[in-house]
1. Given labels modelled 7 Å from the Cα in the Cβ direction, how far is it in nm from ARG99 to GLU67?
2. If each residue of separation counts as 0.36 nm, what is the full-extension length gain between GLU76 and LEU107 once their alpha-carbon separation is subtracted?
3. Given H placed on each backbone N at 1.01 Å, which residues far from VAL80 in sequence or on other chains put an amide H within less than 5 Å of it?
4. What ranking do TYR87, TYR52 get, fewest neighbouring Cβ atoms within 10 angstrom at the top?
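Just so it is clear, none of the values below were taken in a lab; they were calculated from the coordinates. The structure presented is a predicted model; accordingly, all values stated were derived computationally and were not measured. Glycine also receives a Cβ, built like all others from the backbone with ideal geometry; neighbour counts cover every protein chain displayed.
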Amino acid sequence: MKNIRSEKSAKRRTSPANPESNGDSSLLIEPRRAQGHSTRFLFQFAVGIYGYTAYSASKFGLRGLAEALQQEVIGENIHVSLIFPPYTETPGFAEENKRRPQLTSILAASSGSMKADEVAKKALNRR
């Protein structure tokens, strides 16, 4: 299988399936291969929730990506971790709150949220 090394090429391959994706998996690890080790985090939405059909489907796909990527790079001492944060307070999340279905808002109210910097700190302190 051919490795995709350019961001433009990677986006062309992944965008039809998920236009918000960051690119091909090889882009996640290329900069770290020369260093001999790395830990990569993928943030994931852990459950399917009413009002998040398309979003949940793409995030569930991250688990498969993480599992496959880990198998591909474990021999190079590169480790992949999944992070399951609660709702994260970002500008995008604030906009989403304005237009999501009422039932989704009721369900979301029971789970709480975290500031983005808190999520990042907890993710980096997992080791």
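1. Inter-label distance under the simple model: 3.4 nm.
2. Working: separation 31, 0.36 × 31 = 11.16 nm, distance 4.17 nm.
Residue separation times 0.36 nm, minus the Cα-Cα distance, leaves 7.0 nm.
3. Result for VAL80 returns ARG40.
4. Exposure proxy ranking, most exposed first: TYR87, TYR52.
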